[in-house]
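The values are calculated or read from the model by the stated rules, or taken from the named source; none is laboratory data. The structure displayed is predicted, hence computed values, not measured ones. In this analysis, Cβ positions are derived from the backbone assuming ideal geometry, glycine residues included, and neighbour counts consider all displayed protein chains. Surface accessibility is based on the protein's heavy atoms, side chains included, excluding ligands, DNA and RNA. Shrake-Rupley method; radii C 1.70, N 1.55, O 1.52, S 1.80 Å.
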Amino acid sequence: MQVVGKMESINCFHCGEECVEEVIRYSEKSFCCTGCKTVFEILNSNDLSYYYDLENAPGISPKLREGKYDFLDNDEIIEKLLEFDHGESQIVSFTIPSIHCSSCIWILENLNKLHRAIKSSQVDFPKKKIRISFSMDELCLKELVLLLARIGYEPNISLENFEEEKKGVDRSLIYKLGVAGFAFGNIMFLSFPEYFEIREFWLEQFKHLFRWLMFSFSLPVVFYSGKDYFISAYKGLRSGLLNIDVPIALGIAVLFLRSTAEIAMDAGTGFFDSLSGLVFFLLLGKFFQQKTYSFLSFERDYKSYFPIAVTRITSENGNHSEEQVPVYKIEKGDRVIIRNEELIPMDAILIKGDASIDYSFVTGEAEPVTRLSGDRLYAGGRQQGGIIEVEALKPVKQSYLTQLWSDEVFSKDKSSAFQTLTNQISKRFTYAVLSIAFISAIFWMFYEPSKTWNVFTAVLIIACPCAIALAAPFTLGNLLRIFGRNHLYLKDATVIEQTAKIDTVVFDKTGTITTSERNSITYEGIELTEQEHELLNGSLRASNHPLSRALYKMLKKNNISTPDVFREHVGEGLETSTSDLCLKIGSAAFVKRNALVTGESDTREDQQKTSVHISANDQYKGCFSFHNAYREGLSALFEDLAKDKELIILSGDNDNERERLEKLLPASTKMFFNQKPGDKLQFVKNLQQQNKKVMMVGDGLNDAGALAQSDVGIVISEDINVFSPACDGILDARKFDKFPEYFKLSKGAISVIKWSFILSLCYNIIGLGFAVSGNLMPVVAAILMPLSSISIVGFTTLATQMLGKKLGN
């Protein structure tokens, strides 16, 4: 390493800033300070030097005050900062203001290469936030923060309010818009005499003063209000990318330089009015877009909700009762029952029962952890085993559940063709616009030089792919909100595009096309003792299977006995026990296995009924037979879908309902029975290998694998807290009959996007025609160009609202 005095202007290899005080030479590179050199050493020694290949000088110079983060040694503060804390897994989220480019995202999502204790890290670029999963056994929270600070990404940690994060309001866009609007108005006012060519004595005397005043007003417009366009264009070009801000920045620069040259040489008044108008309307369009996105984000996190319910315990006059309530109605202090396979929707304290919690929804690791009474349980965990009773520590935080659901752990490789198309069109559009601008300028330079700059600037201003780029996000964003209002909650906008391509729909039977509300149930066999009845009730109460729920509703709830041991065998049944009684509840094959069966038992007849069989202490007792009730409108729904889709029933039950279903459903519907969870997963895989786009519709119990494998997985929810994080959407069972309308709405959204592309293309062709011919003044172009973006936004909003009204009707 060599430290030399500053001889000439040298920029730091890491942060790009000029080396003012000293130049530190290391590995044939120059650095402005020891901090930048240290960051380079860390990245280089950990095989992360690709960071510098993504963008030249992308780093931030780290300036860290000693002892700044000593407060992170306090256990109370650590507890409040951590989102999740169990054993070797901890999760924390930080706001990092210095995130600014693709290199930042890349290095921050590769933190695991800097320290082995970091398991994963995910960046939310728009919010400048990072979510880190790590192990405090090897890396304490203070050391993690110092690591981030040393590589130039110091987190912003506020100790003022842990319970509710205070989000600072970014008003910079409003300030820039205000400055541009103020300048635009004053420049237009000063330009009036020039517009109308008024030859009044005093106006002629002060003409030059007015022009330099317009120049003065344009300075904050260019260097403050419009600076983001120059920064974005520069970063894009430096990374070898031609983004949509390049022609905008070029247009602003040309207008400013041309106008300044004109007034300096007394050749005219320039185009300062066009310049300020262009920036003002651009910022106005950006402000409108920002407000719309904020509104959609608010509705998604707080007004839409998971249509799932939890069982809340209520007490009145000393009597305890259970009621089903939506998750968003849970408040601090409420007692809630969590059954086997149910999601814990809020942070809570375990009050009663043996908890075995699967936190894979939060951490991505599926190893269950045991919890005892008094222990804290975190939102997002799933109970594995018997029933537990918990007390809510805080209300359900919808935005946190949404964040977990959108986590990359559960993301599938479902590329969005229309999003890709948007990007491709924007990139090619920019190349085309620049080519047309330069070719037109060269032509007019020889044909009529006086029009050259006018044509060149008009082409750059009038043609912009912003309108094209806005079509997909605004259309799909509006559709997300409309679906939410109609009780279909989707993970993200890409699901809508995927739904429009679906050609095969696979339905589970029990709990999906059947409803437990109107089932009729009969019992055949040896009468159960009081003790057996009590344990049966307690066992059914802890299970989430639709048949268990239906049977539990029918039986008397008096003297419920909670099982000491509870095991659910997926696709087979339950095995529960107390000190002197062991029950098996489930399919005939499962219950009768190793059980003493008294009297005659026709296995073939058992297999032809939907039944729940029971044995006590390995002695077969009898069975409850179910007569399924199918959801209202099922026949009409299948008839509608069968017009353009292949329909399949995939059930884990026996085929006793085949004949009844054949009468209810279209003849083209295929049916497969006795399918175990693994069979359903493989079935969906086989369909996809035939190049079919598959939607799986299930209840999230025995079909989680198939839901994850499918192109689109939808869970039907009927007053139960069963949620598969791998699914793409949750549909309230009461809206099941609207299923065909959701498909039509998704296809309608894609049509709206295509029409937006066509409208934008037509607008640009017409505008370019006027600009190239020299008949379009820059001031007119400056107004029309942002109006094109606003018109596309208006068109997509109106079109999606019309689609939404059809769904509502």
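Couple of notes before you dig in:
- Computed E for Ile231/Phe287 - FRET, C-beta separation, R0 22 angstrom, nearest 0.05: 0.75
- Between Asn112 and Phe672, the FRET efficiency estimated from the beta carbon spacing at R0 = 45 angstrom works out to 0.60.
- Packing-based ranking, highest mean first, of 78-85, 690-697, 656-663 given that Cβ atoms within 10 Å are counted: 690-697, 78-85, 656-663
- Per-peptide average of other Cβ atoms within 10 Å, ordering 367-375, 741-749 highest first: 741-749, 367-375
- Taking θ as phi - 60° and the Karplus parameters 6.51, -1.76 and 1.60, the scalar couplings of segment 764-770 work out to 5, 5, 5, x, 5, x, 5 Hz in sequence order, x denoting glycine and proline.
- Charge dipole of segment 70-163 (Cα centre as origin; +1 on each Lys and Arg Cβ, -1 on each Asp and Glu Cβ, all else neutral): 640 debye, rounded to the nearest 20.
- When Leu219, Leu768 are compared by accessible area at a 1.4 angstrom probe, the order from most to least is Leu219, Leu768.
- Protein heavy-atom surface of segment 70-163, 1.4 angstrom probe: 44% of the accessible area is carbon and sulfur, with nucleic acids and ligands not counted.
- In the context of the full set of protein chains, segment 328-397 has a per residue accessible area of 40 Å² (1.4 Å probe).
- Rolling a 1.4 Å probe over the heavy atoms of the protein chains gives segment 731-778 an accessible area of 46 Å² per residue.
- The modelled label-to-label distance for the pair Phe182/Ile313, using points 7 Å beyond Cα in the direction of Cβ, is 6.2 nm.
- Segments 798-804, 531-537 sorted - mean Cβ within 10 Å per residue, highest first: 531-537, 798-804
- Solvent-accessible area of Ser98, all protein chains in place: 30 Å² (probe radius 1.4 Å, heavy atoms, ligands and nucleic acids excluded).
- Relative intensity, log₁₀ I(q)/I(0), of segment 70-163 from a Debye sum that treats every alpha carbon as a point, q = 0.13, 0.25 Å⁻¹: -0.40, -1.53
- Entries of Lys491/Lys663; Lys68/Lys113; Lys113/Lys332; Lys509/Lys592; Lys129/Lys676 with Cα pairs more than 31 Å apart: Lys491/Lys663; Lys113/Lys332; Lys129/Lys676
- Where the alpha-carbon atoms of segment 622-700 are placed on the principal axes, they occupy 45, 30, 21 Å, in descending order.
- With DNA, RNA and ligands ignored, accessible area of Leu146 (1.4 Å probe; Å², nearest 10): 40
- Protein-only accessible surface order, largest first, of Thr95, Thr529, Thr669 at 1.4 Å: Thr529, Thr95, Thr669
- A Förster distance of 25 Å, applied to the separation of the beta-carbon atoms of Glu322 and Thr578, puts the FRET efficiency at 0.70.
- Per residue, segment 474-558 exposes an accessible area of 34 Å² to a 1.4 Å probe, with every protein chain left in place.
- Computed label-point distance, nm, for sites Lys332 and Ser791 using a 7 Å Cα→Cβ extension: 5.3
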